[in-house]
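J.: One structure follows; several queries about it will come next.
The values are calculated or read from the model by the stated rules, or taken from the named source; none is laboratory data. Keep in mind that what you see is a predicted model, and the values were worked out from it rather than measured. Cβ coordinates were reconstructed from backbone atoms using ideal geometry, including for glycine residues, and neighbour counts include every protein chain displayed. Just so you know, the surface numbers come from the protein's heavy atoms only, side chains and all, with ligands and any DNA or RNA stripped out. Shrake-Rupley method; radii C 1.70, N 1.55, O 1.52, S 1.80 Å.
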Amino acid sequence: MLHERGETLAVAESLTGGALGAALVAVPGVSTTFRGGVIAYATELKSELLGVDADQLAKQGPVDPDVAVAMAVGVRERLGATWGLATTGVAGPDPQDGHPPGVFFVAMAGPDGSQVEARTVDGDRAAVRAAAAAAALALLRTALTDGNASG
């Protein structure tokens, strides 16, 4: 769909640790649309590389819907893409910042705004990471098919 529209995509990943980018590059021909990604696993890198407000990170922590949106906006701007996707959350096995394993946020930023979704899934680290990558792609697919890119 991105290729047909002449649009591009960049990803900002935390808990998925590259799984989202790997899912994208598994598709033949993706080089015409995929600009690249930033794996900002450490909290300070979300600010340094993606432009997430450091005060916001200090107050809300990295597992937060507003942080997910800021990551998506930041990667979109920094990598010069039409669309930005972001993942942040807790893959486990231990809780983080008061959030249990399996809690994550996926966000999308596009030409007409941004969206974020909260999810909670059961499973081990691999299952949570896979679910987050799939949820991010589904969010983009919905925006591209429904034209719903604001929220």
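J.: Taking the stretch 10-51 only, how many residues are closer than 18 Å to LEU140 by Cα and basic (Lys, Arg)?
T.: Adding up the residues that qualify gives 1.
J.: For MET71, which of the numbered conditions (1) in contact with a strand residue (DSSP E or B) (Cβ under 7 Å, 6 or more places away or on another chain); (2) open to solvent by 20 Å² or more (accessible area, probe 1.4 Å); (3) not β-branched (Val, Ile, Thr) fails to hold?
T.: (2)
J.: Please state which one of LEU140, LEU79 is touching a Lys or Arg at 6+ places or on another chain (Cβ under 6 Å), modelled with pLDDT of 95 or more and either closer than 18 Å to THR16 by Cα or not aromatic (Phe, Trp, Tyr) (or both).
T.: LEU79
J.: Would you call GLY21 under 12 Å from the mean Cα position of the chain (by Cα) and part of a helix (DSSP H, G or I)?
T.: Criteria met by GLY21.
For (1) among the small types (Gly, Ala, Ser); (2) out of contact with any His (no Cβ under 7 Å at 6 or more places or on another chain); (3) on the phi > 0 side of the Ramachandran plot; (4) surrounded by 23 or more Cβ atoms within 10 Å (Cβ to Cβ), each residue gets a yes or a no:
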position: GLY37; (1), (2), (3), (4): yes, yes, no, yes
position: ALA42; (1), (2), (3), (4): yes, yes, no, no
position: LEU50; (1), (2), (3), (4): no, yes, no, yes
position: ALA58; (1), (2), (3), (4): yes, yes, no, no
position: PRO62; (1), (2), (3), (4): no, yes, no, yes
position: ALA86; (1), (2), (3), (4): yes, yes, no, yes
position: VAL106; (1), (2), (3), (4): no, yes, no, yes
